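These notes are about the structure you will find just below.
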Amino acid sequence: MTDAASAAATGHFSQLGYVVRDLDRAIEMFATRRGVTDFSVFSGPIPAFGRKATLRVALAYAGEFQIELIQPPLDVPTIYTDSIPPDLSSARLHHICMQVENSEEWSRVQQRIAEQGMPIAIQESLSAVNYAYVDTRAESGHYTEYVLPSEEGRAWFASIPRNPLPADRTGRFYQLGYVVRDMERAIETFSQRRGIGGAWKIIEGPVPAYGRNTTVRTAHGQAGPIEIELIQPPLDIPSIYTHAVPPDDASARLHHIGLLVEDAAEWERVERAIHDNGAPVGMRGSVPQADYAYVDTRTEFGHYTEYVWRH
């Protein structure tokens, strides 16, 4: 499959979807920690294992991508139940969303799902969107949602509040970072299941590992505008990646989202915001032409946040 055909069979990245316990408290947290202040809030039904459940949902654009916050009912099992965070102000990543543009692409996505035997947890056709939640937890640790908006849906998306970026504390979302056990097997999985074509750039380099340096292998590929980073840490030395090592060689687990900082002034604002928020920094460093800092946001979001300034 060519790169263009591969991309057409998977859609393009459009959204990070988080499950929350208390929608209003979570919105406050995203405003404080991410600078995303303006959300559209609504309620709606979804299938819930044989009956309907009502969700509260908040949607916002952070730059060009959507943030979705989902508050499911606590007394009805749904596909969101396993991702409900432990406290009222936090969130847990539930899915990434891939948007397709027309019925032909939707048919190719459906064909790819069927050919690869990917389990569909929920699928519905509504007036605004066709959508399908594919259970990709075994391979990536989260669901993947595919969405085809109608003209009504596109108008709805256009009405979602837009929070301009870069903002003082956020940077621009550009990367999903996954930890893997076996780089070559994981690349094969991402290429076949995610449709990430083209060449992966594989490098090795040292990182701090609790008092000493260790060498990790990384691979970088592109899924449209989003960079996918795969990280293979050593298994015998504890590092900030250890908790995210997946159970088998062909799978991956989300470790961080990457936020790209545009210039020195913004990097200073990010550093100041990290200090003011009391956010723990799991690792920081400099490599040729870049500074980076991994902020431990697992309590709030369930994953690290990496800030990168490429200079």
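The values are calculated or read from the model by the stated rules, or taken from the named source; none is laboratory data. Because the structure is predicted, anything quoted here is derived from the model rather than measured. Counting neighbours? That spans all protein chains shown, and the Cβs are built from the backbone with ideal geometry, glycine included.
Observations
- When we screen ASP249, ASP291, ASP296 for residues that are farther than 25 Å from ILE96 by Cβ and not hydrophobic (A, V, I, L, M, F, W, C), the only hit is ASP291.
- Region 296-306, residues that are out of contact with any Lys or Arg (no Cβ under 9 Å at 6 or more places or on another chain) and part of a strand (DSSP E or B): GLU306
- Any hit, region 238-248, residues being closer than 20 Å to ALA62 by Cβ and within 20 Å of the chain's Cα centre (by Cα): no
- Candidates LEU88, LEU69, LEU74, filtered to the one that is touching a helix residue (DSSP H, G or I) at 6+ places or on another chain (Cβ under 9 Å), surrounded by 20 or more Cβ atoms within 10 Å (Cβ to Cβ) and not assigned by TED's automatic domain parsing to the domain that holds ILE226: LEU69
- In region 94-123, residue surrounded by the fewest Cβ atoms within 10 Å (Cβ to Cβ) [restricted to those that are part of a loop (DSSP other than H, G, I, E, B) and touching a helix residue (DSSP H, G or I) at 6+ places or on another chain (Cβ under 8 Å)]: GLN116
- Whichever residue in region 194-210 is modelled with pLDDT under 70 and loosely packed, with under 14 Cβ neighbours inside 10 Å and, among such residues, is nearest to HIS12 (Cα to Cα): GLY198
- Count of residues meeting criterion [at pLDDT 95 or above and part of a strand (DSSP E or B)] in region 124-161: 13
- Test result for ASP291, in contact with a helix residue (DSSP H, G or I) (Cβ under 9 Å, 6 or more places away or on another chain), over 30 Å from TYR143 (Cβ atoms) and not in a helix (DSSP H, G or I): yes
- For region 178-189, the count of residues that are surrounded by 13 or more Cβ atoms within 10 Å (Cβ to Cβ), assigned to a strand (DSSP E or B) and of a type in the set (D, E, K, R) is zero.
- Qualifying residue in region 54-61 (condition: under 15 Å from ILE96 (Cα atoms) and out of contact with any Asp or Glu (no Cβ under 7 Å at 6 or more places or on another chain)): yes
- Of all residues in region 296-307 being within 17 Å of GLY171 (Cα to Cα) and without any contact (Cβ under 8 Å) to a residue 60 or more places away in the chain, the one that is surrounded by the most Cβ atoms within 10 Å (Cβ to Cβ): THR305
- In region 107-122, the residue that is farthest from GLY11 (Cα to Cα) out of those that are free of Cβ contacts under 8 Å to residues at least 60 places away in the same chain and of a type in the set (A, V, I, L, M, F, W, C) is ALA121.
- Residue satisfying all of: in region 28-41; at pLDDT 95 or above and surrounded by fewer than 20 Cβ atoms within 10 Å (Cβ to Cβ); farthest from SER14 (Cα to Cα) among these: GLU28
- Residue within region 263-279 that is assigned to a strand (DSSP E or B) and more than 19 Å from SER89 (Cα to Cα) present: no
- Residue in region 70-86 that is closer than 24 Å to THR10 by Cβ, modelled with pLDDT of 95 or more and part of a strand (DSSP E or B) present: yes
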